[in-house]
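Asker: To start, I am sharing the structure in question, which I have written as C-alpha coordinates.
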Amino acid sequence: MRKNNLWFASLAVPVIVAVLLLLAGSPKVNANNQPSAANAEVKIDNFSFGPQTVKVPVGATVTWTNRDDIPHTVVSTDGVFKSKVRDTDEKFSFTFTKAGTYSYYCSVHPKMTGQIMVQ
Ligand SMILES: [Cu+2]
(Lines give C-alpha, C1' and ligand atoms only; values in the text may rest on other atoms or scores of the structure.)
Protein backbone atom coordinates (compact mmCIF):
# COMPACT_ATOMS: atom_id res chain seq x y z
CA MET A 1 0.00 0.00 0.00
CA ARG A 2 2.67 2.46 0.95
CA LYS A 3 4.61 1.81 -2.24
CA ASN A 4 1.46 2.40 -4.27
CA ASN A 5 0.85 5.70 -2.52
CA LEU A 6 4.37 6.91 -3.27
CA TRP A 7 4.06 5.86 -6.89
CA PHE A 8 0.76 7.71 -7.17
CA ALA A 9 2.21 10.82 -5.52
CA SER A 10 5.21 10.88 -7.85
CA LEU A 11 2.87 10.74 -10.84
CA ALA A 12 0.19 13.07 -9.48
CA VAL A 13 2.49 16.00 -8.69
CA PRO A 14 3.68 16.56 -12.28
CA VAL A 15 0.14 16.09 -13.58
CA ILE A 16 -1.24 18.66 -11.11
CA VAL A 17 1.56 21.10 -12.01
CA ALA A 18 0.81 20.65 -15.72
CA VAL A 19 -2.92 21.26 -15.19
CA LEU A 20 -2.20 24.38 -13.11
CA LEU A 21 0.12 25.71 -15.84
CA LEU A 22 -2.58 25.16 -18.45
CA LEU A 23 -5.18 26.90 -16.28
CA ALA A 24 -2.81 29.79 -15.60
CA GLY A 25 -2.01 30.09 -19.29
CA SER A 26 -5.52 30.30 -20.66
CA PRO A 27 -6.60 33.64 -19.06
CA LYS A 28 -3.57 35.32 -20.67
CA VAL A 29 -5.06 34.68 -24.09
CA ASN A 30 -8.27 36.42 -23.03
CA ALA A 31 -6.34 39.29 -21.46
CA ASN A 32 -4.45 39.85 -24.71
CA ASN A 33 -7.66 39.93 -26.70
CA GLN A 34 -9.44 42.23 -24.30
CA PRO A 35 -7.98 45.74 -24.80
CA SER A 36 -9.01 46.23 -28.42
CA ALA A 37 -12.48 44.74 -27.83
CA ALA A 38 -12.98 46.83 -24.69
CA ASN A 39 -12.32 50.18 -26.33
CA ALA A 40 -15.35 52.45 -26.41
CA GLU A 41 -16.86 55.09 -28.67
CA VAL A 42 -18.77 58.16 -27.53
CA LYS A 43 -20.83 60.07 -30.06
CA ILE A 44 -21.34 63.80 -29.68
CA ASP A 45 -24.69 64.70 -31.21
CA ASN A 46 -27.45 67.24 -30.62
CA PHE A 47 -25.50 68.86 -27.73
CA SER A 48 -25.04 65.64 -25.80
CA PHE A 49 -22.54 62.85 -25.22
CA GLY A 50 -23.88 59.38 -25.94
CA PRO A 51 -23.80 57.14 -24.09
CA GLN A 52 -23.50 59.62 -21.24
CA THR A 53 -21.87 57.02 -18.96
CA VAL A 54 -19.39 54.52 -20.35
CA LYS A 55 -17.76 51.66 -18.39
CA VAL A 56 -14.40 50.40 -19.62
CA PRO A 57 -11.58 48.29 -18.17
CA VAL A 58 -8.22 49.81 -17.25
CA GLY A 59 -6.14 50.29 -20.41
CA ALA A 60 -9.09 50.97 -22.71
CA THR A 61 -9.10 53.83 -25.19
CA VAL A 62 -12.22 55.94 -25.49
CA THR A 63 -12.79 57.83 -28.75
CA TRP A 64 -15.21 60.72 -29.01
CA THR A 65 -16.52 61.69 -32.44
CA ASN A 66 -18.33 64.95 -33.05
CA ARG A 67 -21.41 64.10 -35.14
CA ASP A 68 -22.90 67.53 -34.49
CA ASP A 69 -22.69 70.41 -36.94
CA ILE A 70 -21.43 72.58 -34.07
CA PRO A 71 -17.90 72.56 -32.57
CA HIS A 72 -17.49 70.85 -29.19
CA THR A 73 -14.71 69.92 -26.78
CA VAL A 74 -14.10 67.02 -24.37
CA VAL A 75 -12.60 68.32 -21.11
CA SER A 76 -12.00 66.31 -17.93
CA THR A 77 -13.38 67.99 -14.79
CA ASP A 78 -10.19 67.00 -12.95
CA GLY A 79 -7.82 68.06 -15.72
CA VAL A 80 -6.91 64.50 -16.72
CA PHE A 81 -7.60 65.08 -20.44
CA LYS A 82 -8.57 68.01 -22.65
CA SER A 83 -9.36 68.00 -26.36
CA LYS A 84 -8.96 70.83 -28.79
CA VAL A 85 -12.15 72.20 -30.35
CA ARG A 86 -13.57 69.34 -32.43
CA ASP A 87 -15.45 70.29 -35.56
CA THR A 88 -17.91 68.01 -37.36
CA ASP A 89 -16.58 64.44 -37.73
CA GLU A 90 -13.36 65.21 -35.86
CA LYS A 91 -12.27 62.76 -33.16
CA PHE A 92 -10.54 62.83 -29.79
CA SER A 93 -9.11 59.74 -28.06
CA PHE A 94 -7.81 59.13 -24.55
CA THR A 95 -6.43 55.94 -23.00
CA PHE A 96 -7.38 55.33 -19.36
CA THR A 97 -4.55 53.68 -17.42
CA LYS A 98 -5.98 54.12 -13.91
CA ALA A 99 -9.26 52.97 -12.38
CA GLY A 100 -11.70 55.64 -11.34
CA THR A 101 -14.67 57.74 -12.43
CA TYR A 102 -13.77 60.52 -14.84
CA SER A 103 -16.35 63.28 -15.28
CA TYR A 104 -16.05 65.53 -18.30
CA TYR A 105 -17.87 68.32 -20.08
CA CYS A 106 -17.78 70.48 -23.19
CA SER A 107 -16.05 73.75 -22.42
CA VAL A 108 -18.06 75.53 -25.14
CA HIS A 109 -21.36 74.25 -23.69
CA PRO A 110 -20.70 73.36 -20.01
CA LYS A 111 -24.16 71.84 -19.59
CA MET A 112 -22.96 69.00 -21.83
CA THR A 113 -21.56 66.40 -19.40
CA GLY A 114 -20.59 62.74 -19.35
CA GLN A 115 -18.51 60.27 -17.40
CA ILE A 116 -16.15 57.41 -18.01
CA MET A 117 -16.03 54.68 -15.36
CA VAL A 118 -12.73 52.80 -15.51
CA GLN A 119 -12.68 49.48 -13.63
CU1 LIG B 1 -20.26 71.65 -26.97
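Asker: If you check every pair at least six apart or on different chains, which have Cβ atoms under 7 Å apart with a residue in the stretch 41-54 that is under 17 Å from SER107 (Cα atoms) and at pLDDT below 95 first and a residue that is part of a strand (DSSP E or B) and among the β-branched types (Val, Ile, Thr) second?
Answerer: none
Asker: With respect to ASN66, determine if the residue is more than 15 Å from the ligand (Cβ to nearest atom) and at negative phi.
Answerer: no
Asker: Here is a further query. When you check ASP78 against the structure, is it loosely packed, with under 13 Cβ neighbours inside 10 Å, at pLDDT 95 or above, closer than 16 Å to PRO110 by Cβ and of a type in the set (Asp, Glu), yes or no?
Answerer: It is true that ASP78 is loosely packed, with under 13 Cβ neighbours inside 10 Å, at pLDDT 95 or above, closer than 16 Å to PRO110 by Cβ and of a type in the set (Asp, Glu).
Asker: Moving to a separate point now. Residues that are aliphatic (A, V, I, L, M), within 13 Å of the ligand (Cβ to nearest atom) and surrounded by fewer than 18 Cβ atoms within 10 Å (Cβ to Cβ): does the stretch 49-59 have at least one?
Answerer: There is no residue in the stretch 49-59 that is aliphatic (A, V, I, L, M), within 13 Å of the ligand (Cβ to nearest atom) and surrounded by fewer than 18 Cβ atoms within 10 Å (Cβ to Cβ).
Asker: Right, another one. So which residues in the stretch 77-91 are away from the ligand (no atom under 16 Å from the Cβ) and among the aliphatic types (A, V, I, L, M), if there are any at all?
Answerer: VAL80
Asker: Which members of the stretch 85-108 meet the condition of being farther than 14 Å from GLN52 by Cβ and part of a loop (DSSP other than H, G, I, E, B)?
Answerer: Those that are farther than 14 Å from GLN52 by Cβ and part of a loop (DSSP other than H, G, I, E, B): VAL85, ASP87, THR88, ASP89, GLU90, PHE96, THR97, LYS98, ALA99, SER107, VAL108.
Asker: Here is a further query. Take the residues in the stretch 92-104 that are surrounded by 13 or more Cβ atoms within 10 Å (Cβ to Cβ) and farther than 10 Å from ILE116 by Cβ; name whichever of them is nearest to the ligand (Cβ to nearest atom).
Answerer: PHE92
The values are calculated or read from the model by the stated rules, or taken from the named source; none is laboratory data. What you see is a predicted model; the values in this text were computed from it and never measured. Here Cβ is always computed from backbone atoms with ideal geometry, including for glycine, and neighbour counts include all displayed protein chains.
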